[in-house]
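Step one of this worksheet: look at the structure below.
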């Protein structure tokens, strides 16, 4: 599952709310592309982006930044301004390091920034969120998938999906009733793998499934024994959560052990550059997915994002929408405050409960805990190597994958 936070499966780089308002204090349905045309010379609005420009998650950070810039242009109708106030962006590179992120966030806050966005990694989001609350600044977390970001505090929102939504998407492959089903998690015996085991147990175990795990040492290069062990357990669903350079070897081992003939194998689809890693196994895997280019069926917002990113010389990928959605949120909240970032509580109230059209379709920011309710996808790969292409098998509506409400912590 795509998770730039060491909690997402099958990624070479261990990884893995949109909202806004129409009137201060009155969250209601709206359209996130209604920027003001008033571009008079007014004081700029400072928005800080704290994200992974470098480091192990730099590929995800690049997608996020490209999406944010495209979203800002879309939401302001090309003016780059809200109520005549130009939006000025400042970037802070956290390199995936929470300590650097905290330092960068504090630096921006000290310079008068009242709106922050970013967080490619969950460890970063979970450290920046409390800083935002302490200083009463709006913080919109990005691709970071940790469930704990939801409900972290009233000043923290998210512009991407969370781990629970990934697991619910995986669960959709065994039908509506998990009672009596057997699920095996195949993962590495490290924090990343153990977190995935815990998440599957929390979701499917609570619904009556028997969940066990096959954990391989992270240093293991011969993965045949673990593939064989997973097959021998005869699960109804084999959930693979894998990160690192041995991903290709794992899929080769599963193919050689004929695991795909014995059970349904589910994992998360990562960025486009990772598709060749699956090899011949790619066409046999059931993928859960957050987003790939074209997943939403080329709706108006997705087309706008794609056009903007393409004109800038790049291509949309798995986390491009997270940046785009964050920009929609920022602009919409500031529009409600008539271009002012002075009253953060008003910005927060504006975002809570807002439902709008995003890249993936209709999105809703849940008022109670700031979860971003959104559709997820079941996906299949066709072709192998450089020719591998994803296609949507089924779109899972937002309510089917919605996480339970989390009491607001602060």
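Since every read-out is calculated from the coordinates, none of them should be taken as a lab result. All of these numbers come straight from a predicted model, not from anything done at the bench. Note that we place each Cβ from the backbone using ideal geometry, even for glycine, and neighbour counts take in every protein chain shown.
Here the calculated FRET efficiency for residue 234 and residue 394, from their Cβ-Cβ distance with R0 = 22 Å, stands at 0.30, rounded to the nearest 0.05.
Three principal axis extents describe the C-alpha atoms of the range 212-268; from largest down they are 27, 20, 18 Å. A full extension of the chain between residue 387 and residue 103 corresponds to an added length of 98.0 nm, given 0.36 nm per residue minus the alpha carbon distance.
For the range 309-381, the pair-distance distribution built from all alpha carbon pairs, in bins 10 Å wide starting at 0, is 17, 43, 28, 11, 1 percent. State log₁₀ I(q)/I(0) for the range 251-410 at q = 0.18, 0.21 Å⁻¹ as given by the Debye formula over alpha-carbon point scatterers of equal weight, solvent excluded. Values, matching the q order: -1.13, -1.33. Taking the number of Cβ atoms within 10 Å of each Cβ as an exposure proxy, the fewest-first ranking of 164, 291, 60 is 164, 291, 60. Label sites at residue 190 and residue 405, each approximated as a point 7 angstrom past Cα along Cα to Cβ, lie 3.9 nm apart. Residue separation of residue 310 and residue 224 scaled by 0.36 nm, minus their Cα-Cα distance, works out to 26.8 nm of gained length. Each part gets one Cα centre, and for the range 209-286 versus the range 327-371 those centres are 39 Å apart.
What the Kirkwood sum gives for the range 136-209 is a hydrodynamic radius of 13.8 Å, with every pair of different alpha carbons counted.
By the compact-protein rule of thumb, 2.2 N^0.38 Å, the alpha-carbon radius of gyration of the chain corresponds to a ratio of 0.95. Counting neighbouring beta carbons within 10 Å and listing from fewest to most, the residues 226, 377, 173 come out as 173, 226, 377.
How high is the FRET efficiency from residue 342 to residue 255, r the C-beta distance, R0 56 Å, rounded to 0.05? Efficiency computed from Cβ-Cβ geometry: 0.45.
Over the range 119-164, the fraction of Cα-Cα pairs per 5 Å bin, rounded to whole percents and listed from the shortest bin up, is 5, 29, 39, 20, 6, 1. Set against the 2.2 N^0.38 Å expectation for a compact globular protein, the range 56-180 has a Cα radius of gyration ratio of 1.20. Computed over the range 42-108, the convex hull of the alpha-carbon atoms projects to a mean area of 4.6 nm². Here the spin labels are modelled as points 7 Å beyond Cα on the Cα-Cβ line, and at residue 300 and residue 41 they lie 3.5 nm apart. Taking only the Cα atoms of the range 191-332, the ratio Rg/Rh comes out at 1.04, with Rh defined as the Kirkwood radius.
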